[in-house]
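Structure record follows, encoded as structure tokens.
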Amino acid sequence: MSPFLTAKVLAFQILVDIVVGAVAGLYLLLMRQERQRATMSWLPGRSTFLVALAIYLGYALLTSFFGVDLNRSLWGIVDRQDGLILQLHFLGWLAVLAWFYQNQGVAQIFNQPPNPKKKTDRSPSPVANDFHFYLKLSFWVSAAVAATVIYMWLELHFKLLNLVPESVKGPFQGRVGGVFGNPTFAGPYFLFHFFYGLYLLSQFVRAKLDIPSSSNSHPRRPRNGSIRWTAQATWIAIAQCMILSALLLGQIRGVLLGLVAGFFVVAVCIIFSRSLALRTRIAAAVFTGLFIVGSLSLWQLRDTAVAKSIPFLKRLTQTSFTELSVSARLMAWQSALSSIKDHPILGWGENNVYYGLNKYYNPALVRFDPNETQIHLTWYDKSHNAYLDLLAEKGIAGALLYLVLIVVTARSLWLLKNRYLAFFTSGSLTAYLVSNFVAFDSFGSLYGLYLFLTPLLISDYEKKPPGPEPVREAPTEGGKGGAMMARLLRALRKPAAIFVLLVSICSLYISIETGTASVGYQDAQQAFAQDPDLGLRSYEVAFQYYSPYQKMEKLRCATLTLESVLNKRPMRDPMGSVGRALQWAQEAAAAFPRDVSIFISLADICNNLGLYVDKNFLDKAEYFGQRALELSPKRQEAAFCLGRTYVLRNEAPRAVELNKRMVSDYPAYPLAHWFLGLSLIADGKRDEAKREIQKAFDLGFRFRNAGEENAVKDLFEK
């Protein structure tokens, strides 16, 4: 499914379903056998943060039921699968991790204290009570992922073993994302692990310099020498260099700016923390000063040949508002802002900013290749600003809940016992928040976010400050209210565990079905290239499995089928296949009645059928084209299709009127003038047609086929 995230998301969800279901079943078993300890926590960690996160996601789920498209809210699109279902899986993952480590692992869950005979001088088992074992494991996995980014870059430039599919290498113009495919998906994932790597290195540096720590968590130097200690630090430094290289090779400006912002936050935390040694604070201040001087010097040298020859430096220092990608995002932001006024309180629903962007579509966003040989459907399902998406999708109420969640997170970091972990986690969260100003959440960013929020539930809170620096006392339960709440929680334990177990089983079934269907869709698409009948049979088999993306795949199957019929590829029952294809396409339209891309595709399909099969299809083409323009009044692609319908129905004046409106919406678009010229030819207004076609050529239009060239030659010769 490259270069997207389908397989990764499904694998993650299946693993979470298995583990969460196993924990719920284990909990029921322990309740039945009365083997629970009184000290065993039901809720993981201090629950303020977890409750705030659960309320935020619960609000998103609730508003999605009243939003525009519940299916999109829950499941996202097939390429990313970034809906609420994924986020709820992350919540379950976070809760299980925190619950397990808070209860010190399997030994305490089964009421079996460690065997005294097995005590050694070593630290306690990391699986039992040290969550850093889990974080370190993820850190080394991220280093391996970074290695795939570096390899991909080497293959692009030096043609090594040709192991990377073209579908992964092609779309991003030299920017590489490794196994994530898209560098935008990989960047935030690396950010979290990079700052954790800095934390690990700081532990070794402090141990080397014998700097005291309030958390006493830095690695102890071995008594028999420092060879092993130095080797560990060296490997971590190498991994850090690999992760940093992956960040730079990805060339994602938001991620790189977030990296800089995170550095500054860590530096400020260390410099102004009175609980740390003076020499540590001075070293941080000196490093920050050197970093600022270096950044200013680099900015002054941004126009030199050396700076322009380094890709990531060029992207950082040569950015301008006139650049295509920057101006396109600014226009998308304007559309997102316009959409907020439609649903200001509750929003459009999770993941539904797409519909707002369609309604307030800016015609200057249209994309086409330099030679004007194809018309590409403009694809902006996100505004590429997570905070504008937040306001549009969840409204003012959702934005306030998000702000509360940030405040609760900041307070949890303030109370974190391990100050260095708090500082570097603050840096990674800052980098994540800054990068989201020009991006949106996906599997990589959510993975890093939830993983590095887990220590806030696991780590102890200090009731006394670690030094002169004040730390607020964590709230404690007590009184009648606390007793009533405790009784209520005890009463709800069994039904809650049963509910979680059932939900996990259902979710596991859906994930496996969706994965099986996705593989079938891929096989069917490949089969269509060889034999349309084989492709149809493969699709029909895949449609037997449940998938929340089935209706969209039926539209894709319909498109492939009709293309095969129109291209006269051998098929056993062409007209029967056309009937089935139209039925599948209409099922997609019924399932997503506000998705403009579906109606544009249907209008194009019916235009072709009306031209080559039966003119009665043009009535349907007109309906679908008008519906597309209702959903997105300034979409050029919808105007193209509807204007073509009018010409095919010998209603050229209606096509002229439609194309004139398209030209007035965006005068700099060559194809708009070209189609206006063609409709004027059909309407018999040859002089006006010449002017419009000449304007199209002046703006860069080029012939796409011999038929167009002959039509224009005939026009200008006469």
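All of the numbers you see were taken from the coordinates with simple rules; none came from a lab. What you see is a predicted model; the values in this text were computed from it and never measured. Every residue, glycine as well, gets a Cβ built from its backbone with ideal geometry; the counts of neighbours run over all protein chains shown.
Let me know the shape class of the range 325-447, please: from the alpha-carbon gyration tensor, a ≥ b ≥ c as square roots of the eigenvalues, rounded when a/c is under 1.5, otherwise prolate if a/b is greater than b/c, or oblate. Oblate, since a/c reaches 1.5 and b/c is not below a/b.
Which entries in Lys568/Lys615; Lys615/Lys660; Lys660/Lys695 show an alpha-carbon gap greater than 20 Å? Long pairs (Cα-Cα over 20 Å): Lys615/Lys660. For Tyr387 and Leu244, the difference between the fully extended length at 0.36 nm per residue and the C-alpha to C-alpha distance is 48.9 nm. Projecting label points 7 angstrom from Cα along Cα→Cβ for Val19 and Glu688 puts them 6.6 nm apart.
In this Cβ point-charge picture (+1 for Lys and Arg, -1 for Asp and Glu), the range 576-714 has a dipole of about 120 debye about its Cα centre. Ranking Ala603, Ala581, Val565 by Cα position along the charge dipole of the range 564-718, where only Lys, Arg, Asp and Glu carry charges on their C-beta atoms, puts Val565 farthest toward the positive end. In this calculation the C-beta distance from Arg493 to Gln626 is compared with R0 = 56 Å, giving a FRET efficiency of 0.50. When +1 charges are put on Lys and Arg Cβ atoms and -1 charges on Asp and Glu Cβ atoms, the dipole computed for the range 514-582 relative to its Cα centre reaches about 160 debye.
Answer rounded, prolate or oblate for the range 628-695, using the Cα gyration tensor with square roots of eigenvalues a ≥ b ≥ c: rounded when a/c is under 1.5, else prolate when a/b is larger than b/c, else oblate. Oblate, since a/c reaches 1.5 and b/c is not below a/b.
The length gained by stretching the chain between Ala285 and Lys136 to full extension, at 0.36 nm per residue less their Cα-Cα distance, is 50.8 nm.
With both labels modelled 7 Å from their Cα along Cα-to-Cβ, the Val613 to Lys568 distance reads 1.7 nm. Placing a label point 7 Å from the Cα of Lys341 along the Cα-to-Cβ line, the residues of the range 626-658 whose backbone N sits under 20 Å from it are 630-635. In a fully extended conformation the segment linking Asn162 and Glu540 would gain 132.7 nm over its present Cα-Cα distance, using 0.36 nm per residue. Translational diffusion coefficient of the range 536-626 at 10 °C, 1.306 mPa s, Stokes-Einstein with Kirkwood Rh over Cα pairs, in µm²/s as a whole number. Approximately 119 µm²/s, per Stokes-Einstein.
For the peptides 667-676, 274-283, the ranking by mean Cβ contacts within 10 Å, running from highest to lowest, is 667-676, 274-283. Hey, with R₀ at 45 Å, roughly what FRET efficiency would Ser327 and Leu29 work out to, going by the Cβ-Cβ distance, to 0.05? It comes to 0.15.
In the range 395-438 the Cα-Cα distances spread across 10 Å bins starting at 0 as 26, 47, 23, 4 percent of all pairs.
Converting phi to 3J(HN,Hα) with the Karplus coefficients 6.51, -1.76 and 1.60 and the offset θ = phi - 60°, the range 150-155 yields 4, 4, 4, 5, 4, 5 Hz in sequence order, with x at every glycine or proline.
Modelled spin-label separation between Leu400 and Thr304, with each label point placed 7 Å from Cα along the Cα-to-Cβ direction: 5.3 nm.
For Leu416, no residue has an amide H sitting under 5 Å from its own, ignoring neighbours fewer than 5 places away on the same chain, with H placed 1.01 Å from N. Over the C-alpha trace of the range 579-694, radius of gyration and Dmax come out as 14.4, 46 angstrom. Applied to the range 630-636, the Karplus parametrisation 6.51 cos²θ - 1.76 cosθ + 1.60 on θ = phi - 60° returns per-residue 3J(HN,Hα) values of 5, 6, 9, x, 10, 7, 4 Hz, with x for Gly and Pro.
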